[in-house]
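This report refers to the structure that appears directly beneath it.
Please treat every number below as a calculation from the coordinates, not as lab data. As the structure is a computational prediction, the values presented were derived from the model and not from experiment. Cβ atoms come from the backbone with ideal geometry, glycine included; neighbour counts cover every protein chain shown.
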Amino acid sequence: MQKGRCRACDHVQMTSIPARRQTRVLDATQAGIVEAVAILRAGGLVAFPTETVYGLGAHGLDPQAVRAIFEAKQRPSDDPLILHLGHVDLVDEVALVSPLARQLAERFWPGPLTMVLPKRPAVPAEVSAGLDTVAVRVPAHPLARALLIEAGLPVAAPSANLFGRPSPTLAEHVLHDLRDRIDAILDGGRATLGVESTIVDLSSCAPRLLRPGGIPGEEIEAFLGLRLLPALENTGGPQPSPGLLSMHYSPRTPLVLIVGEPPAAQRRLRTEIEAALAAGQHVGVLLLEDDVDCLPQGVVIERLGAWSDPTTSAARLFEAIRALDAASLDVLVARDLADVSIGLGRALADRLRRAARRIVDTRP
Ligand code: TXA
Ligand code: MG
C-alpha cells in the first residue's frame, strides 16, 4: 500500500499503486534463467512463458512477493493463485495429495492441468486467498521447467495480464499490460496452446471441473473412469473459483458473440456485421476460415482456425482479440469457434462467453 491523493477531492487516501519497477527483458538462455531466479529469490516479479499462456511469477512462499503480484496486476486479493512446481515430487510440500490426485499427476504432469488440493501450512494465505486449498501445476514448457527447477521453489503465477484483460500469449502482450510494473520477463516466444490450464478441484470427495482448458475434460474423465462434476454457478457470494467471474478476458471494444452452430450462427454473424456497418460502425471480426466467403466488405478481420480445428483457434484467440482491440474499432463480432461440448471447444466457448459484452443465441 502507498499513500496517494484522490484526483477528485485531493484528500490523501491509501491506494495500491504498484511500486515502479524497470522491466528487463531476459533471453531464453541459461544466463537469463539464472538472472530470473535471482530476482524471484529476492522477492521480485518475473513473467515467464508456459505452454498455455505467460505467467507472472513470484516466490510462492514469500507473502510480500505474492502481494506484489496482486498489485502489479490490479487483481482482487480474494482471487487465489496457482503454485507452479518444477517437479511432481514437490507437490507434497505444498498440498495433501490423495491417491486420485496422484494418479492424475502421474498421467497429466508436466502439462496444462491444475489441481486444487487441501493446502499445507507452508503456503501463505496470500496465495490461497485465505482458502484451505491450493491450486498446483507442473507446466510442460521447457523454459518454465528450467526456471522452476533452477529456482527450486514453488512459484505463484497467475496469467501475466492486467486483471480482466485477455491472457498474454506473447512477451509483447505482457509488456503492453505490465511494463514498469514487474522486474523482468523471460522471453520464450509464443505460448503455443493459447488457453489456460484445465482446473480440477480434488479437495472434496467428488472431483469437479472448475475451468475447461488445455486438457479436455473428457480425457480426464476417461482416464479416471468417472464424470467430473460441473463448476458451481457464480452466485456473487464468496467465489468457489474466482476464475468463474463472468466478465474476464475482455477487450475494451465491446464484443458481440453469436452462439450456436452453422448455418444459423453463420447467417446471424453476417446480419450482425451488416447492421453494425449500416450504423456507421467500424467492425472487427474474429473470423473462422469457414466464414471467409460470407463476409461483407469493409471489416477488419483476424483469422482463426476452421470450425474443425480448435487447436489453431485456441493458439490464436487471445492474440487476435488483442490485435482487434488495438485497431480503434467500435465493435467486435465473433461466433462460436468450434463444437462447444467437447475438447478445446469447451475452453474456447468459456473464454468467448466471458469476453463478450452481448451474447446472441441462435439455438432453437
Ligand atoms: O494455464 C494457466 O493456468 C495459467 C499459467 C500461467 O499457468 N495460469 C492462470 O492463472 O491461468 P490465473 O490466476 O489467471 O487463473 C487461475 C485460476 C483463477 O481463476 C483462480 O480463481 C483459480 O485458478 N484458483 C486458484 N486457486 C484456487 C483454489 N484454491 N480454489 C479454487 N480456484 C482456484
Ligand atoms: Mg488469468
What is the sum of charges around residue 300, taking Lys and Arg as +1, Asp and Glu as -1, for the other residues whose C-beta is under 12 Å from the C-beta of residue 300? -2
What size of dipole, in debye to the nearest 20, comes out for the chain about its Cα centre when the only charges are +1 on Lys and Arg C-beta atoms and -1 on Asp and Glu C-beta atoms? 860
Through the Karplus equation 6.51 cos²θ - 1.76 cosθ + 1.60, θ set to phi - 60°, convert the phi angles of the range 59-72 into ³J(HN,Hα) values in whole Hz; use x for Gly and Pro. 3, x, 10, 10, x, 5, 4, 5, 4, 5, 4, 4, 5, 4
For the range 160-181 and the range 269-333, what is the centre-to-centre distance using only Cα atoms, to the nearest Å? 22
Got a sec to turn the phi values of the range 289-306 into Karplus ³J(HN,Hα) couplings, 6.51 cos²θ - 1.76 cosθ + 1.60 with θ = phi - 60°, whole Hz, x for Gly and Pro? 4, 4, 9, 3, 6, 9, 9, x, 5, x, 10, 8, 10, 10, 8, 9, x, 8
Ranked by Cβ crowding within 10 angstrom, fewest neighbours first, how are 197, 341 ordered? 341, 197
Through the Karplus equation 6.51 cos²θ - 1.76 cosθ + 1.60, θ set to phi - 60°, convert the phi angles of the range 213-223 into ³J(HN,Hα) values in whole Hz; use x for Gly and Pro. x, x, 9, x, x, 4, 5, 5, 4, 5, 5
Could you give the Stokes-Einstein D for the chain in µm² per second, using the C-alpha Kirkwood radius, 4 °C, 1.567 mPa s? 61
Give me the percent of Cα-Cα pairs in the range 97-165 that sit more than 16 Å apart, rounded to a whole number. 57
Counting only trypsin sites (Lys or Arg not before Pro) that are in a DSSP loop and have at most 16 other C-beta atoms within 10 Å, tell me the longest site-free stretch of the chain. 21-178
Between the Cα axis of helix 142-151 and the main Cα principal axis of the chain, the angle (0 to 90°, nearest 10) is 20
Mind checking the dipole of the range 68-193: about its Cα centre, +1 per Lys or Arg Cβ, -1 per Asp or Glu Cβ, Debye to the nearest 20? 300
Scan the range 265-306 for GluC sites (Glu not before Pro) in coil per DSSP, keeping those whose Cβ has at most 13 other Cβ atoms within 10 Å, and list them by number. none
Additional length obtainable on full extension of the chain from residue 264 to residue 103, 0.36 nm per residue less Cα span: 53.7 nm
13 Å beta-carbon shell around residue 265, net charge (K/R +1, D/E -1): -2
Suppose only helical runs count, i.e. DSSP H with n ≥ 4. What mean residue ellipticity at 222 nm does that imply for the chain under -39500 (n - 2.57) per run, divided by all residues and rounded to the nearest 500 deg cm²/dmol? -9000 deg cm²/dmol
